[in-house]
Amino acid sequence: MVTSSESAVPPGLPSFYGLTRAALAARLAEQGLPSYRADQVFSWVYRKHHRTPEGMANLPAVLRDRFGTLCALERPAFASTQASSDGQTHKFVLTLADGARVECVSMRTERRLTFCVSSQVGCALGCTFCATGLMGLQRNLGSAEIVAQVIAMGDFHAWKDDRFNIVFMGMGEPLANYGPMMEAIRILHDPLGLNLGARRITVSTSGVVPQIARLADEGLPLGLAVSLHATTDELRDRLVPINRRWPIAPLIAAARDYGRKSGRRVTLEYTLLAGVNDRDEDALRLGALARDLPSKINLIAYNPVPGLDWKRPTREAVDAFAKRLWPIAPAVTVRHTMGGEIWAACGQLGGLSPAA
Ligand code: SF4
């Protein structure tokens, strides 16, 4: 466990990480400074990874001196950092300005580095297999707190990877915190900032149908992942309670429309729970749903959560389910679980520690 000494963001001052370049330019204009200074600051922070104004050589001294009155460059401190035994997955706990704690995860494979970020502290949706759902919702995150997770993880990895992906699959339902989530995406996407391509960002939802439609109209080819987990409303009502409000049919229709407008295949996430949703008939229905839209299925063996009774299927059962799907679904992948031993895998974020 590593404890960091970064200071918290001072109260009353906006965090730099929540400012779009236009918003920063507006704050500079209030002080009589030209807008291109915002471009320069973005470059220093997001391209050259400076975390204090002192070294920003092409800024006038007056701006460097006044920086602390414009916005706060400090990012949230690491409360803890844990690495998986193979060193490929790291789980981070960040302490926010009000003392709330948020978790995020970096995962490295041979092909890519992926940052899994949270959109809320806790979650109100109460999916019955998820540790975050057990917490309930503590609060939404601001855009700065979302961007800062990426900055913190990038700093930890010393920005050695020029390309990385971001998935909104950490704590919370991102589409229930739509405004700050989109603001964070715009900041991350800024060509003079991290310049993260929309195709490298995936938003995962448990099925907030109206917000899927809104996302489709943003005009950005963001990846969309739908946490399906069941193929009948009866079972999905139990596993993913938001299904009682927006059942499978309107959810699939919204996902289909999203795929059409964005030009992206939608990922259908399917957590396999032994004896619950891993039978032959489930595979047949899942294949039929997947054929109804441009999609790919991502199978995830349930990651155990203390206090929950669901069982993880055997490797053989997962393979058998995938084989049942291959001839009848457009595309199927089996997600190799990363970070299970440090409680960093899907559905495990929410204050669990290896000693839990
Ligand atoms: S799976 Fe996602 S939406 Fe469901 S309770 Fe967990 S964090 Fe919330």
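The values are calculated or read from the model by the stated rules, or taken from the named source; none is laboratory data. Remember, predicted model here, so these are calculated numbers, not experimental data. As a convention, Cβ positions derive from the backbone with ideal geometry for all residues, glycine included, and neighbour counts pool all protein chains shown.
Leu215 falls short of the stated requirement of being closer than 30 Å to Arg315 by Cα, at pLDDT 95 or above and within 16 Å of the ligand (Cβ to nearest atom).
Residues of the range 188-212 being part of a helix (DSSP H, G or I) and either over 15 Å from the mean Cα position of the chain (by Cα) or within 13 Å of the ligand (Cβ to nearest atom) (or both), which ones? Step through it out loud before you land on a result.
Here is the first cut: in the range 188-212, the residues part of a helix (DSSP H, G or I) are 188-189, 198-200, 209-212.
Answer for the range 188-212, where residues must be part of a helix (DSSP H, G or I) and either over 15 Å from the mean Cα position of the chain (by Cα) or within 13 Å of the ligand (Cβ to nearest atom) (or both): Val209, Pro210, Gln211, Ile212.
Quick check on Ala57: is it surrounded by fewer than 19 Cβ atoms within 10 Å (Cβ to Cβ) and within 16 Å of the ligand (Cβ to nearest atom)?
On the way: surrounded by fewer than 19 Cβ atoms within 10 Å (Cβ to Cβ): yes; within 16 Å of the ligand (Cβ to nearest atom): no.
In short, no.
Restricting Arg37, Arg64, Arg112 to residues that are of a type outside the set (A, V, I, L, M), more than 30 Å from Leu137 (Cβ to Cβ), in the same structural domain as Val167 (by TED's automatic domain parsing) and surrounded by 12 or more Cβ atoms within 10 Å (Cβ to Cβ) narrows the list to Arg112. Just the residues that are within 16 Å of Gln149 (Cα to Cα) and surrounded by fewer than 21 Cβ atoms within 10 Å (Cβ to Cβ), please, taken from the range 168-181. Answer for the range 168-181, where residues must be within 16 Å of Gln149 (Cα to Cα) and surrounded by fewer than 21 Cβ atoms within 10 Å (Cβ to Cβ): just Pro180.
Taking first residues from the range 171-184 that are under 16 Å from Cys116 (Cβ atoms) and partners that are among the hydrophobic types (A, V, I, L, M, F, W, C) and more than 16 Å from the ligand (Cβ to nearest atom), the Cβ contacts under 7 Å between residues at least 6 apart in sequence or on separate chains come to Ala184/Val147.
Every residue in the range 92-114 that is among the hydroxyl-bearing types (Ser, Thr, Tyr) and either over 18 Å from Phe164 (Cα atoms) or within 16 Å of the ligand (Cβ to nearest atom) (or both), please.
Initially, the range 92-114 is screened for residues among the hydroxyl-bearing types (Ser, Thr, Tyr), giving 95, 106, 109, 114.
Within the range 92-114, Thr95 is the sole residue that qualifies.
Does Thr231 satisfy the criteria of being outside any helix (DSSP H, G or I) and within 16 Å of the ligand (Cβ to nearest atom)? No: the conditions fail for Thr231. Looking only at residues that are farther than 18 Å from His90 by Cβ and among the acidic types (Asp, Glu) in the range 119-167, which one is surrounded by the most Cβ atoms within 10 Å (Cβ to Cβ)? Among residues in the range 119-167 that are farther than 18 Å from His90 by Cβ and among the acidic types (Asp, Glu), the one surrounded by the most Cβ atoms within 10 Å (Cβ to Cβ) is Glu145. Scanning the range 67-99 for residues that are in a loop (DSSP other than H, G, I, E, B), surrounded by fewer than 16 Cβ atoms within 10 Å (Cβ to Cβ) and not acidic (Asp, Glu) turns up Ser85, Gly87, Gln88, Gly99.
The residue that is nearest to the ligand (Cβ to nearest atom), counting only those in the range 115-166 that are in contact (Cβ under 8 Å) with a residue 60 or more places away in the chain and at positive phi, is Gly126. In the set (1) away from the ligand (no atom under 16 Å from the Cβ); (2) under 18 Å from Leu196 (Cβ atoms); (3) in a helix (DSSP H, G or I), the condition left unmet by Arg64 is number (2).
Go through the residues of the range 73-82 one by one and say whether even a single one is closer than 26 Å to Met181 by Cβ, touching a strand residue (DSSP E or B) at 6+ places or on another chain (Cβ under 7 Å) and charged (D, E, K, R).
Pass one, the range 73-82, residues closer than 26 Å to Met181 by Cβ: 73-82.
Checking which are touching a strand residue (DSSP E or B) at 6+ places or on another chain (Cβ under 7 Å) leaves us with 76-82.
The next check asks that each one be charged (D, E, K, R); those that pass are none.
Checked against the condition, which is being closer than 26 Å to Met181 by Cβ, touching a strand residue (DSSP E or B) at 6+ places or on another chain (Cβ under 7 Å) and charged (D, E, K, R), the range 73-82 yields no hits at all.
Kindly indicate whether Leu220 is closer than 30 Å to Phe321 by Cα, assigned by TED's automatic domain parsing to the domain that holds Glu103 and outside any helix (DSSP H, G or I). Full working, then the answer.
Details: closer than 30 Å to Phe321 by Cα: no; assigned by TED's automatic domain parsing to the domain that holds Glu103: yes; outside any helix (DSSP H, G or I): yes.
When the stated conditions are applied, Leu220 does not pass them.
Picking from Leu125, Leu175, which residue would you name as being in a loop (DSSP other than H, G, I, E, B), more than 20 Å from Arg335 (Cβ to Cβ) and either among the hydrophobic types (A, V, I, L, M, F, W, C) or more than 13 Å from the chain's Cα centre (by Cα) (or both)? Selected residue: Leu125, the only one of Leu125, Leu175 that is in a loop (DSSP other than H, G, I, E, B), more than 20 Å from Arg335 (Cβ to Cβ) and either among the hydrophobic types (A, V, I, L, M, F, W, C) or more than 13 Å from the chain's Cα centre (by Cα) (or both). Residues that are over 22 Å from the mean Cα position of the chain (by Cα) and either surrounded by 21 or more Cβ atoms within 10 Å (Cβ to Cβ) or outside any loop (DSSP other than H, G, I, E, B) (or both) within the range 236-256 comprise Arg236, Asp237, Arg238, Arg244, Ile248, Ala249, Pro250, Ala253, listed in sequence order. Total residues in the range 167-179 satisfying the condition of being under 24 Å from Ala23 (Cβ atoms) and either more than 16 Å from the ligand (Cβ to nearest atom) or touching an Asp or Glu at 6+ places or on another chain (Cβ under 8 Å) (or both): the figure is 1. Checked against the criterion of being assigned to a strand (DSSP E or B), more than 14 Å from the ligand (Cβ to nearest atom) and under 23 Å from Gly350 (Cβ atoms), the candidates Leu299, Leu268 yield just one match: Leu299.
Can you name the residue in the range 200-220 that is under 26 Å from Ala38 (Cβ atoms) and either touching a residue at least 40 places away in the same chain (Cβ under 8 Å) or not hydrophobic (A, V, I, L, M, F, W, C) (or both) and, of all such residues, is surrounded by the fewest Cβ atoms within 10 Å (Cβ to Cβ)? Spell out the reasoning first.
Here is the first cut: in the range 200-220, the residues under 26 Å from Ala38 (Cβ atoms) are 200-201, 218-220.
Subsequent filtering for residues that are either touching a residue at least 40 places away in the same chain (Cβ under 8 Å) or not hydrophobic (A, V, I, L, M, F, W, C) (or both) retains 200, 218-220.
Numbers: Arg200: 19, Glu218: 14, Gly219: 9, Leu220: 18.
Out of the qualifying residues, it is Gly219.
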